[in-house]
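Coordinate-derived values only; no laboratory data. Worth saying up front: this structure is predicted, and the values here are computed from it rather than measured. With ideal geometry, Cβ positions are generated from the backbone for all residues, glycine too; neighbour counts draw on all protein chains shown.
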Amino acid sequence: MDKLAKYQELVKTLLTNYASDDVSDNDVEVQLILDTERNHYQWMNVGWQGFNRIYRCVMHFDIKDGKIWLQQNLTDRNPAEELVMMGVPREDIVLGLQAPYKRQYTDYGVA
């Protein structure tokens, strides 16, 4: 399996596992957006709670230039470390949710 296909599968597996713990109901839907053509992967909550619109991107990954970019994480989980445990080298994970000047101080890739 080539690197891109491997990373696509790992990100899909991770998001699917995370989202399976989220609670869907009649008012708020848990959505997984897995775009393997453009390499965008999101876990969303969409719906209504009473009069409040819920439209939240809980977690977002992109794969670009051979690296997995963590763009959003609204959980207490550490998906970057879980990807490392799944075999992804630290330098192939970019914390896109961190400002570019801060990335050099993380244990992960810089871009």
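Miscellaneous remarks
- Here the Kirkwood formula puts the hydrodynamic radius of the chain at 14.7 Å, using every distinct Cα pair.
- Taking amide H as placed 1.01 Å from N in the peptide plane, the amide H of residue 106 sits under 5 Å from none that are at least 5 places away or on another chain.
- Between 0 and 90°, nearest 10: helix 3-20 axis offset from the chain longest Cα axis: 30 degrees
- Total formal charge among the other residues, if their Cβ is under 10 angstrom from that of residue 75, Lys/Arg +1 and Asp/Glu -1: -2
- Proximal charge balance of residue 109 [Cβ under 11 Å; K/R count +1, D/E count -1]: -1
- One chain, two ends: residue 77 and residue 5. Fully extended at 0.36 nm per residue, the span grows by 23.5 nm beyond their Cα-Cα distance.
- Straight-distance crosslink candidates among aspartates and glutamates, where the alpha carbon sits under 14 Å from residue 64 and sequence neighbours closer than 8 are dropped: 35, 37, 91, 92
- Added length on full extension, which subtracts the Cα-Cα distance from 0.36 nm per residue, residue 54 to residue 98: 13.4 nm
- Each other residue within a Cβ distance under 11 Å of residue 30 adds +1 if Lys or Arg and -1 if Asp or Glu, for a net charge of -3.
- Where trypsin sites (Lys or Arg not before Pro) fall in DSSP loop in the range 28-101, at most 16 other Cβ within 10 Å: 38, 77
- Taking the range 61-86 and a reference point 7 angstrom along Cα→Cβ of residue 16, the backbone N atoms nearer than 17 Å belong to 61, 83, 86.
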